[in-house]
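To start, the structure under review is shown below, and the notes come after it.
Just so you know, all these numbers are worked out from the coordinates, no wet-lab data involved. Keep in mind that this is a model prediction, so the values were computed, not measured. All Cβ positions, even for glycine, are placed from backbone atoms using ideal geometry, and neighbour counts span all protein chains on display.
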Amino acid sequence: MQRDKVLYSEYCKVLKNYLDVGIIEKVTNPFIPTNNPVFYLPHQVIIKNESLTTKLRLVFDASAHEEKQLSLNDCLFHGVNLNPNILDLLISFRSKKIAVLADVEKAFLRMSLAPKDRDVVRFLIDDGENGVQAYRFNRVLFGVNASPFLLAATIKTHIGKYMEKYPDTVRTLDHCFYVDDLVTGEDDAKSAFDLSSKAAKIMSEAGMNLRKWISNDCELMKQWQLEHFDHLNMNDFVNHPHRVLGLLWHPQKTISVFRKTDWDEELLPDIREKFEQWCSEASFLCELQIPRYVLQCDSVNCPECEIHTFSDASIKAYGAVSYVRLRTFDKISVHLLASKSRVAPLKVLTLPRLELMGALLAARLAKEVSRVLNEKISTTNYFWTDSTIALSWIQGPSNRWKVFVANRVKEIRSLTDKDAWRHCPGKDNPSDLLTRGISADSLINCEKWWKGPSFLQEGNTVPVSNNVLLSDESAYLEELKPTERKKNFDCDFRQQPFEPYPLCI
């Protein structure tokens, strides 16, 4: 690194800053034994040119170890996951009219390490004329497996102290921090500014500075500017979107799911042709954008909010997709909310069983979606499948079926109302696209995927199709317990012919 004078100069500046503010300290006598455990962490420099704040980062590897030896991470308890479910956070983010985003500046480095623990985070640097020198961290550092837990626990403990003074703000902050990112929102600029002001005040009193504030609302951005918030410039994201939990978000537009990816590995000849076809189609994904705000009404002017979840399966995959259907006094609007898909198990299963697994995935997805949206507006759930066999299993008693079907039906019934399940013709089922695939250019303009089947756009109620004929009665009966099969064998012996009595004895 010393060969690159510019890079080495920046590296030295970062270390000097760490030393000046007390993040690290020099180990004066590194060879003198201590009563505390000692571990030296390797580190490297990472350049992030796209970063608006820190271009050069020092990354420490707490998973590194010598042969047949334990790493630092191997010796630490990583703690429980205190971060919110990322799907819940994204759904909540999409349900707020005004987005409010920020992050904690150097979040991990705001927490002090106990003196007895500092020797396990030592590291070495080549100090030029002074030779190799030993330093150690006085703060919690990124790269240690326990750090995310320590940060989340610290934030939750700190904001909990303000419950009596700012109850609404604390309840919001408690489930809107994902590691060091604040992802939340409100439905009007006044409430959003109030939330951001209280959040900034609360976090500053723990020495944690909320910075890089960004929103889709110009009025809120102006208020932040007047109050000297450390905010980003919305114009910076006209051509370069902002990252939100791994997704690309245009503050004035939508959420982009994909971006161009470089491929540098040589492929085997037998799959090269298929890959090149897929890669040429994948370029269309750069044009894919999803509207962030989907809940364009409240409980007053939107008397009905329905969640419609569709499921499907093929021999290769199964999946589910949820839509929010809002009916106001003069119109109906439908928006894609969330979807999940899974590759079919390696163990070969019948298609009806895979359809049932898709239905279970739909039930779980709808539960998550409803739980988040119900904090804002009351919802009603509807479920759709094009499998008449799976539908019959769900609507029948779970104890009639063999273990595989019985267990899944039991869970589906615990998560949903059996009367909420309906039959949807395969041609209208949008989750069919999850299990059979669709080209990227077709997906972009696929109305069925983005808005659901056409019948969701029509009328005041949705069609009810529960009385459908089984497509394969033998597959349905195959999953009955042996005792249940006997019950289904309907026979009147009085009408059966018998051999003469003497021949029977």
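Spin-label model, Lys222/Glu66: points 7 Å from Cα along the beta carbon direction are separated by 6.5 nm. Pairs over the 27 Å Cα-Cα cut-off, from the set Lys97/Lys410; Lys48/Lys198; Lys316/Lys402; Lys68/Lys347; Lys161/Lys190; Lys340/Lys451: Lys97/Lys410; Lys48/Lys198; Lys68/Lys347.
Based on Cα contacts under 8 Å between residues 6+ apart, the range 78-152 shows a relative contact order of 39 percent.
Exposure proxy ranking for Ile332, Ile315, Ile24, based on other Cβ atoms within 10 angstrom of each Cβ and starting from the fewest, stands as Ile315, Ile332, Ile24. Summing +1 for each Lys or Arg and -1 for each Asp or Glu among the other residues whose beta-carbon sits under 12 angstrom from that of Leu415 gives +4. Determine the percent antiparallel among the DSSP beta bridges restricted to the range 321-425, to the nearest 5. Taking every DSSP beta bridge within the range 321-425, about 70 percent pair in antiparallel fashion. Please say if the range 81-121 is rounded, prolate or oblate, where rounded means a/c under 1.5 for a ≥ b ≥ c the square roots of the C-alpha gyration tensor eigenvalues, and otherwise the choice is prolate for a/b larger than b/c and oblate otherwise? Prolate is the answer for the range 81-121, as a/c is 1.5 or above and a/b outweighs b/c. Less than 10 Å Cβ to Cβ from Glu368, Lys/Arg counted +1 and Asp/Glu -1: what total charge do the surrounding residues give? Here the charged neighbours net out to +3.
Shown here for the range 135-176: trypsin sites (Lys or Arg not before Pro) in loop regions (DSSP other than H, G, I, E, B) with at most 14 other Cβ atoms within 10 Å, namely Lys161, Lys165. Legend: ranking of residues Met203, Met163, Met234 from fewest to most surrounding C-beta atoms inside 10 Å; resulting order Met163, Met234, Met203. Legend: ranking of residues Val334, Val348 from fewest to most surrounding C-beta atoms inside 10 Å; resulting order Val348, Val334.
Rounded to the nearest 20 debye, the dipole magnitude of the range 109-206 is 420 debye, with +1 charges on Lys and Arg beta carbons, -1 on Asp and Glu beta carbons, and the Cα centre as origin.
Among 188-199, 66-77, sorting by the average number of other beta carbon atoms lying within 10 angstrom of each residue, highest first, gives 188-199, 66-77. For the range 313-336, the residues whose backbone nitrogen is under 15 Å from a point 7 Å from the Cα of Val348, taken along Cα to Cβ, are 315-316.
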